[in-house]
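Presented below is the structure to which this report refers.
The values are calculated or read from the model by the stated rules, or taken from the named source; none is laboratory data. Since this is a predicted model, take the numbers as computed values, not measurements. Here the Cβ positions follow ideal geometry from the backbone for every residue, glycine too, while neighbour counts run over all protein chains shown. Heavy atoms of the whole protein, side chains included, go into the accessibility calculation; ligands, DNA and RNA do not. Shrake-Rupley method; radii C 1.70, N 1.55, O 1.52, S 1.80 Å.
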Amino acid sequence: MKHNKKKHYLTALIAVIILISTVPIYANGTSENNASQDKNLIRVKKKLKSMVSTKNDDVEVSSKAVNRTSTGRNLDGMVKTTPHTTYVRFNNVKLPEDAVITKAYIAFTARDASSKPTELTVQGELGAGNALGTSVSDYNKRNFSDAKAVMTTPAVSANEVYNTGNLADVI
């Protein structure tokens, strides 16, 4: 997911994606599809949480460099006076093929307090979601969906969790 920033002041320590989906369960109690069981289908809600799993799955990218070493991600669109974009990759999220995502959101835990609101624009990446690269050109080649979700946080407190709105249409 790509996070474009304009005037952002939230510094995230932890990012977690939460997916709420419905999954088909058939008469035999499994999610295995059997044509003779189609009329016995029910859908069960499932909740899946996935954290950024490695330091290489969240990066800040400016026009000149890729930063993988920060202990938190500045979601304010600036590192000192240099504009940047934050990329977060949730790797190995496993859902059954026939799951229907009904709600999805990212929960950011604030590292630092700030009295300024933060505006985030979240976009999904189309395709295979390849690993995040080490050069700026790797990010210029990525293909993002047209669907976007925008959220604005209030002033933030350290160690508080801030959820995006529903991202189901983005992913």
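Data for the structure
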{"item": "Some residue of the range 122-131 being in contact with a helix residue (DSSP H, G or I) (Cβ under 7 Å, 6 or more places away or on another chain) and closer than 23 Å to L75 by Cβ", "result": "yes"}
{"item": "Residue count, the range 133-171 (criterion: open to solvent by less than 40 Å² (accessible area, probe 1.4 Å), polar (S, T, N, Q) and touching a Gly at 6+ places or on another chain (Cβ under 9 Å))", "result": "1"}
{"item": "Residues that are of a type in the set (K, R) and in a strand (DSSP E or B), drawn from the range 114-165", "result": "K148"}
{"item": "Residue selected from the range 69-96 under the condition hydroxyl-bearing (S, T, Y) and either more than 24 Å from N159 (Cβ to Cβ) or touching a Cys at 6+ places or on another chain (Cβ under 9 Å) (or both), by the criterion surrounded by the most Cβ atoms within 10 Å (Cβ to Cβ)", "result": "T85"}
{"item": "Single unsatisfied condition, T69 versus (1) under 14 Å from the mean Cα position of the chain (by Cα); (2) in a loop (DSSP other than H, G, I, E, B)", "result": "(1)"}
{"item": "Criterion: surrounded by fewer than 12 Cβ atoms within 10 Å (Cβ to Cβ), among the aliphatic types (A, V, I, L, M) and at pLDDT below 85 - qualifying residue of A128, A110, A99", "result": "A128"}
